[in-house]
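Q: This is the structure I want to talk about, given as structure tokens.
Please treat every number below as a calculation from the coordinates, not as lab data. As the structure is a computational prediction, the values presented were derived from the model and not from experiment. Cβ atoms come from the backbone with ideal geometry, glycine included; neighbour counts cover every protein chain shown.
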Amino acid sequence: MNQDVNREISWLHFNARVLQEAEDPSNPLLERIRFLGIYSNNNDEFFRVRVAVLTRLIRINEAVTSERKKFRDYDVEKVYARVMEIQHEQQIRFQSVWASLQKELAENNIFIVDEKRITGSQADFVRGYFRKNIRPQLFPVMLSKVDSSKFIKDNAVYLAVDLLSSQKELKERYALIEIPADRMGRFLMLPSADSKQYLMFLDDVIRYCLNDVFGAFGYDKFSAYTIKITRDAELDIDHDISRSFMELMEMSVKRRAQGDPVRFVYDRAMPEKLLLTFAQKLKLSKKANYFPGGRYHNFRDLMKFPNLGSSVLNYDPMPPIHSGVFPEKQSIINIIKQKDVLLHYPYHSFDSFIDLLREASLDPKVRGIKVTLYRVAKDSNVINALINAARNGKRVTVFFEFQARFDEENNIYYVNILQEEGVRVVSSIPRYKVHSKLLLIRRKENGYNKYYAAIGTGNFNESTSKVYTDIMLFTGNQEIVNEVNSVFHLFDDRFMRPEFRHIVVSPFMHRDFLSVMIKNEIQNAKLGNPAWIKIKLNNLVDNSVISLIRQAAAAGVKIEMLVRGICVMVPSVRERKNLEIVSVVDRYLEHSRFFIFANNGDPKCYLTSADWMKRNLDHRIEVTCPVYDPQHIQTLIEVFNISWKDNLKARYQDGTGNNIYRPVNEVEKWRSQVELYRYFTRKE
């Protein structure tokens, strides 16, 4: 397979752009710290999934004797080696950024102190807090009783403690203590003094109070170092026909907790003897990828770094705009009966979607609600609204995708609650993920069923809607909504393939659709007609689609691509005449997906839930929806152009990993997300 750059390497280039945001002095200080947390969280997931896949492929190649049966799509050993090399390079860069940001915190009178640097009054506060709140959460495990690493939680942080005593008869012993950050938070605010603010990592609070844990056993000398294991998080799903798919998913999620280690991170200050002792007792081989780190691990907790100091240390507020298209005390259904409405998150408030669900749950003419759910918020208002609809006698059907990675447990939890409330839940389709974002409301009007829909590029999730850019179409167009209803029928009758004339459904039609649309632009270019394509995606990986894009660029079609994440395509010097690919990384995660075709002066515009990857085109149920309203088409063209103009947060996707910024126009500095907020504010 001819890829310009391997997808794993391209993903690492994306995460390097996140790290750039932590380095960028134009970002407020606390936001830069949170970008370090985002980088770390991304990296944890990369190891749990992508490094785990590479490790499995290497093992397969080692076990298989026949060359024909080995994985040869690319040189997996070479890619693995390069991934590890980049990881170590980024680790050094990360630690340097973190050290720099701590200095800047101190310049702003915010100090992170460890157990050796607290004052007497702070010490009293720390010990009192520990005894009251933390000690009841600690359950040390003595290493002498350990014979494997199975009990160590994936991506949790532990203190590896060396216990010594001034009493010679007591032998040196070792213990492991899980740091309960998920329950207690990672940071403890200490009493401020002289306008200075202080905080401690929970790790150091425990270090300071180890005598309160082990002193009763005669130990009085302690040294403690953080360690962390990252496990293979790919789910191996059995196909036992005697069990429901939800039961199989529950079993698979439990087995994930016992996945093979793919990374072992430890404090590089840990003495060699202690490191070897713990590694041997935990039965960690070198294949677990040893990563020497700093004093602290799990920097994803920096995403929740406390708000301290002046407001200038955070982004300027950009509160979501309530769309005037949906006035207070007016029926949303009546409005979308008259015209389509397009909302853009997080610039617009997600409340309108919740309001629509609430209205549907109370409207006596509404008979049924159907929705696809992939990832939902904690304490989800979407779930609460659906439950309320069921209680009000509506027939509610939820297609809940159990296979949403790392949300499986949360989804299973909500499925059980929904079923207890009388909601009909349709389970996952084996071998396919339902990734489309669809809401359908059935209403009885004059004796006939009328349908209304919301079709999105992102999840129906009020939490992510505040930080992810996404687009949602609210429509009463009966041609479109009847086809949305056909998608839901597909979930029930999995052997029936409906006909679609308006929406495009993967895995049945998307490839052919893209081929037709791109070839139409090629033909227009050859005839001298307007020929261009504007594309916004999260990831571009599929080689067949890339080949079509290359053909179009060669034929003279002007192609502008905003690809936030993975992009294996690297335009050649010749192709750059007509093809440019950039990535915008800023305060919001760019997540919306849409594309616009010139179509000889009559632009065709589509929203989609699908990236251009093989998994989305061939192995997921995705929906691509046309936008018919000319005003909305114009809005999407303007939205794309505003994003495309970015010269502060846009980097070239050139496959090198250098993430070179577009040249800054000193006359007109342009930060697209800020400009989009201003754009939507003006429109209201």
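Q: Check which residues have an amide H placed less than 5 Å from TYR198's amide H, if you skip close sequence neighbours.
A: Residues meeting the criterion, in which the H sits 1.01 Å from N, are PHE111, LEU190.
Q: Please go through the residue pairs LYS329/LYS450; LYS339/LYS365; LYS196/LYS669 and name each one whose alpha carbons sit more than 28 Å apart in this structure.
A: Details: LYS329/LYS450 22 Å; LYS339/LYS365 20 Å; LYS196/LYS669 36 Å.
The pairs that break the limit, which is 28 Å between Cα atoms, are LYS196/LYS669.
Q: Could you work out the helix-only [θ] at 222 nm for the chain, with each DSSP H run of four or more residues adding -39,500 (n - 2.57) and the total divided by the number of residues, to the nearest 500 deg cm²/dmol?
A: On the way: 20 runs with 246 residues, N = 684.
Calculated from helices alone, the mean residue ellipticity at 222 nm is -11000 deg cm²/dmol.
Q: Would you grab the residues whose amide H sits under 5 Å from the one on ASP232? Only those 5+ places off in sequence or on another chain, please, with H modelled 1.01 Å from N.
A: Sorted by chain and number, the residues that satisfy this are ASP260, VAL262.
Q: Right, something else. Calculate how large, on average over all directions, the projected area of the Cα convex hull of region 332-498 is; give the answer in nm² to one decimal. It would help to have the intermediate numbers written out before the result.
A: Numbers: hull surface 38.0 nm².
Quarter of the Cα hull surface area: 9.5 nm².
Q: Right, another one. Please rank SER547, SER583, fewest neighbouring Cβ atoms within 10 Å first, as an exposure proxy.
A: SER547, SER583
Q: Translational diffusion coefficient of the chain at 20 °C, 1.002 mPa s, Stokes-Einstein with Kirkwood Rh over Cα pairs, in µm²/s as a whole number.
A: Stokes-Einstein gives a translational diffusion coefficient of 77 µm²/s.
Q: Could you put ASP44, ASP493 in order, starting from the residue whose Cβ has the fewest other Cβ atoms within 10 Å? Walk me through the intermediate numbers first.
A: Values: ASP44 21, ASP493 9.
Going from sparsest to densest Cβ surroundings: ASP493, ASP44.
Q: Given an 8 Å cut-off on Cα distances and at least 6 residues of separation, report the relative contact order of the chain as a percent. Can you show the working numbers first?
A: Details: 1225 pairs, mean separation 85.0, N = 684.
With pairs under 8 Å counted, the relative contact order is 12 percent.
Q: What is the set of long-range amide H partners of VAL157 at a cut-off below 5 Å, with H atoms built 1.01 Å from backbone N?
A: Amide H to amide H, under 5 Å and 5 or more residues apart or across chains, VAL157 pairs with ILE179.
Q: Quick one: what are the phi-derived ³J(HN,Hα) couplings along region 132-146, Karplus 6.51/-1.76/1.60 with θ = phi - 60°, whole Hz, x for glycine and proline?
A: For region 132-146, the Karplus curve yields 7, 10, 9, 3, x, 9, 9, 9, x, 10, 7, 5, 4, 9, 9 Hz.
Q: While we're looking at this one, here's another question. Which of ARG501, ARG32 comes first, and how do the rest follow, when ranked by fewest Cβ neighbours within 10 Å? Can you show the working numbers first?
A: Values: ARG501 8, ARG32 22.
Listed from fewest to most nearby Cβ atoms, that is ARG501, ARG32.
Q: Let me ask you something else. Determine, for each peptide in 33-40, 512-519, 567-574, the mean count of other beta carbons within 10 angstrom over its residues, then list the peptides with the highest first. Don't skip to the end; give the middle numbers.
A: Working: 33-40: 22.5, 512-519: 15.5, 567-574: 18.2.
Order by mean packing, descending: 33-40, 567-574, 512-519.
Q: Right, something else. Kindly write out, for region 442-458 in residue order, the coupling ³J(HN,Hα) from the Karplus curve 6.51 cos²θ - 1.76 cosθ + 1.60 (θ = phi - 60°), rounded to whole Hz, with x marking Gly and Pro.
A: Result, rounded to whole Hz: 9, 10, 8, 10, 6, x, 10, 6, 10, 10, 9, 9, 10, 10, x, 9, x.
Q: With the cut-off at 29 Å, tell me which of the pairs LYS153/LYS536; LYS153/LYS437; LYS466/LYS536; LYS283/LYS304; LYS116/LYS304; LYS103/LYS153 have Cα atoms farther apart than that.
A: On the way: LYS153/LYS536 38 Å; LYS153/LYS437 33 Å; LYS466/LYS536 20 Å; LYS283/LYS304 33 Å; LYS116/LYS304 24 Å; LYS103/LYS153 33 Å.
As for pairs spanning more than 29 Å Cα to Cα, those are LYS153/LYS536; LYS153/LYS437; LYS283/LYS304; LYS103/LYS153.
Q: Then there's this: Which percent, nearest 5, of DSSP beta bridges in the chain are antiparallel?
A: On the way: 69 of 102 bridges.
Here the share of antiparallel DSSP bridges comes out near 70 percent.
Q: Could you work out the Kirkwood radius for region 7-313, taking every pair of different alpha carbons, averaging 1/r and inverting it, reported in Å?
A: Values: mean 1/r = 0.0466 Å⁻¹.
After inverting the pairwise mean of 1/r, the radius is 21.5 Å.
Q: Step through the residues of region 160-167 one at a time and calculate ³J(HN,Hα) from phi using the Karplus curve (6.51 cos²θ - 1.76 cosθ + 1.60, θ = phi - 60°), rounding each to whole Hz and writing x for Gly and Pro.
A: Each residue's phi maps through the Karplus curve to give 8, 10, 9, 9, 10, 9, 6, 7 Hz.
Q: Determine by what factor the alpha-carbon radius of gyration of region 558-684 differs from 2.2 N^0.38 Å, reporting the quotient. Let's see the in-between values first.
A: Details: Rg = 15.5 Å, N = 127, 2.2 N^0.38 = 13.9 Å.
Normalised by 2.2 N^0.38 Å, the Cα Rg of region 558-684 equals 1.12.
Q: Any aspartates and glutamates with Cα under 12 Å of the LYS78 Cα? List them, leaving off those in the same chain fewer than 8 positions away.
A: GLU8
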